[in-house]
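Down below is the structure, laid out as C-alpha cells.
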Amino acid sequence: MFGVESMMLQFAQSTSINSSISQPEEPVKEADPILDKIKKECKNILFEYEQLKNLDNIIYSLSEDESSVIRTRHEEFVKSMSLVTLDNNPITRTTVAGKIFAELLSKNILSIEAITQGIDAVLKNWNDYLMDNPQFFSYIAAIIAPLLLSQNASFDFNNLKDSCTSIRPDNSSKFFIEVLNKILNSKETHNIKEQQGGILWIYNKWRMSEYVSLDVFMPNNQINKFFKNDRIGVFLLSIAMYDKMKLTVSKLLYDILNSWINVNISAEIIKCPQFVRALTIAIVIVGSKLNHSYEDFFGHAHVKLLTCYIRSEPLPEPEIQAREVQCLYGIQIMSAVLEHPGGMVLRLFHTLYQDSIISKESFELWKKEDEFKTGFDEDLETKPMALVVLNSFFLSLAENDSDSDEAFE
C-alpha cells in the first residue's frame, strides 16, 4: 500500500508540474498610476464644471500647470473624460463633456487630433463597454453632438469620421445614426424659425463638410437595416444617391443609378412616397454643386428618374399624387438649406409643370397641405417662404385653368 501511495504522489506531482509548464499563468496587470491620476483629475474637472461652469482651472491644467498630469496628455484626457461620464447619469454628463471639449477646441487648448483620437480610443473597445452600458453609442454620440453644433469649434463630419476610425465602416452605422438623432433633438437646433435647425442644419453641415461620402459611416448594404421613414431616413437615402450621382456621367446616370437602387434599396423603401423626396434632394444637390442655371437643374436623366419612381408601376391617383407632393417637398427643403437662392423654387416648379412631371392637382395639394406629419417637422415651417416666391406660379396655374374652361365652352 505504501508503494502504491508513493507512486500516486509522484504522478500527481509530475502532472502538476507539467500542467504549470504547459499553461503558464498570465501576469496580473498592475494599475497604471498615471492613468489613475488622470481619471481622478477628470472626475474633479467634471464635478467642478457642473457646479461652476468655469473653464479657467481646466485651461490652466491643460496648458500651464507643470504639476498637472494632463498638461501633456491631451488625448488621454479626452479618453478618460469620455469614460468617467459613463459612471453616473451618463446622458447628461456626456453632453457636459462634449461642451467642455467644444469650448477647449474653440480656444485652441485642445487640438482636433487630440479629440478625434481620444474618442476613437474609447470607441475602439465598444464591445466591452456595451456590456455594462447598453446605450454606449448613444452616450458617446452625446459627446460628439455639442462639438458638431458649436459655432466656434471647427468640428465637422470629416472630424466625426476620424473620431470613429477604429469602428468604420461595419460598426459605425449605429453610432452615426445616434449622432444624427442627438443633433436633430438638440435644443440648439430645435427652433428653426430663429435659425436653421433640425434636418436643415444637418444638410447644411454636410454641405460645409464637402459632402463626405456616406459609405464611410454606413455601407450601402446597411441602409435598409437602419432606414426609418423620417427625416434621418430621407437624409441617408438622399446622400447615398447623391454619392452615386456625383461619380456618374450624365448619359449613363439613369441606368447606373437605377441599377444601384435595385441592388441596394429594398422594394418597401422604394414604394414609400418619401423615396421620391430623397431622390429629388439628391438631384438638387447635384445641380447646386455643378452651378447649373436653374432651368437646367432637371436634365433628361433626372426627369427620367423622377418619372420612373413617381410612376414606377400602375398606381391609384392618390398614391401618385403623394409621390409628386414629396418631390415638391424635396425642393422646398433644399431651398431652405441653400438659404433660398433667388428664383430657384419658381424655376424648378415651372420646369416640373411644363415637362409634365408633376400634375397641376399635386401642386395645389402641396400648397394647401397643412397637416403635421410625424417625423417631418420642417415641412410646414419652411413652406411660407416658398409660397411667397411662388405666387406668380400659382396665378398662372389658375389662368391656365380659366383658359381651359373657356376653350370647352
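The values are calculated or read from the model by the stated rules, or taken from the named source; none is laboratory data. Every value quoted in this text rests on a predicted model; they were computed, and no experiment measured them. Cβ placement follows ideal geometry from the backbone for every residue including glycine, while neighbour counts extend to all protein chains displayed. Heads up: the accessible areas ignore ligands, DNA and RNA and are worked out on the full protein's heavy atoms, side chains in. Shrake-Rupley method; radii C 1.70, N 1.55, O 1.52, S 1.80 Å.
The single condition among (1) in contact with a Leu (Cβ under 7 Å, 6 or more places away or on another chain); (2) in contact (Cβ under 8 Å) with a residue 24 or more places away in the chain; (3) not in a helix (DSSP H, G or I) that LEU104 does not satisfy is (3). Filtering the stretch 44-77 to residues that are within 30 Å of the chain's Cα centre (by Cα), farther than 17 Å from ALA114 by Cβ and either of a type in the set (D, E, K, R) or loosely packed, with under 13 Cβ neighbours inside 10 Å (or both) leaves GLU50, LYS53.
Residues of the stretch 295-339 that are among the hydrophobic types (A, V, I, L, M, F, W, C), more than 24 Å from PRO384 (Cα to Cα) and part of a helix (DSSP H, G or I): ALA301, VAL303, LEU305, LEU306, CYS308, ILE310, ILE320. The set of residues from the stretch 340-385 being touching a residue at least 60 places away in the same chain (Cβ under 8 Å), among the acidic types (Asp, Glu) and not in a helix (DSSP H, G or I) comprises just one member, ASP377. Filtering the stretch 282-297 for residues that are buried (at least 22 other Cβ atoms within 10 Å of the Cβ), out of contact with any Lys or Arg (no Cβ under 8 Å at 6 or more places or on another chain) and within 19 Å of TYR353 (Cα to Cα) leaves a non-empty set. For the stretch 114-129, the condition holds for at least one residue, the condition being that it is open to solvent by 50 Å² or more (accessible area, probe 1.4 Å), at pLDDT below 95, in contact with a helix residue (DSSP H, G or I) (Cβ under 7 Å, 6 or more places away or on another chain) and in a helix (DSSP H, G or I). Any residue that is open to solvent by less than 50 Å² (accessible area, probe 1.4 Å) and of a type in the set (Val, Ile, Thr) - is there at least one of those in the stretch 161-178? There is at least one residue in the stretch 161-178 that is open to solvent by less than 50 Å² (accessible area, probe 1.4 Å) and of a type in the set (Val, Ile, Thr). If you go through the stretch 152-169 and keep only what is more than 16 Å from ARG207 (Cβ to Cβ) and not acidic (Asp, Glu), you end up with ASN152, ALA153, SER163, CYS164, THR165, SER166, ILE167, ARG168, PRO169. Looking at LYS205 and the list (1) farther than 16 Å from PHE275 by Cα; (2) more than 13 Å from the chain's Cα centre (by Cα), which single condition is not satisfied? LYS205 satisfies every listed condition except (2). For LYS79, the conditions (1) modelled with pLDDT of 95 or more; (2) touching a Leu at 6+ places or on another chain (Cβ under 9 Å) are fulfilled apart from (2).
Can we say LEU315 is more than 30 Å from the chain's Cα centre (by Cα), at pLDDT below 90 and of a type outside the set (Asp, Glu)? Yes; evaluated as a whole, the condition is true for this residue. Within the span defined as the stretch 246-265, every residue fails to be among the polar types (S, T, N, Q), in a helix (DSSP H, G or I) and crowded, with 20+ Cβ neighbours inside 10 Å.
Right, ASN108: on the phi > 0 side of the Ramachandran plot and at pLDDT 95 or above or not? Spell out how you get there, then give the answer.
On the way: on the phi > 0 side of the Ramachandran plot: yes; at pLDDT 95 or above: yes.
Judged against the criteria, ASN108 is a match.
Close contacts from the stretch 23-42, counting a first residue that is within 21 Å of GLU75 (Cβ to Cβ) and a second that is at pLDDT 60 or above and acidic (Asp, Glu), with Cβ to Cβ under 6 Å and a gap of 6+ residues or different chains, come to ILE38/GLU76.
Whenever a residue of the stretch 229-247 is more than 16 Å from CYS327 (Cα to Cα), its partners that are open to solvent by 40 Å² or more (accessible area, probe 1.4 Å) and part of a helix (DSSP H, G or I), lying with C-beta atoms within less than 8 angstrom and at least six residues away or across chains, give the pairs ILE232/ASN181; LEU236/PHE226; ALA240/ASP215; ALA240/ASN220; ASP243/ASP215; LYS244/ILE256; LYS246/LYS289.
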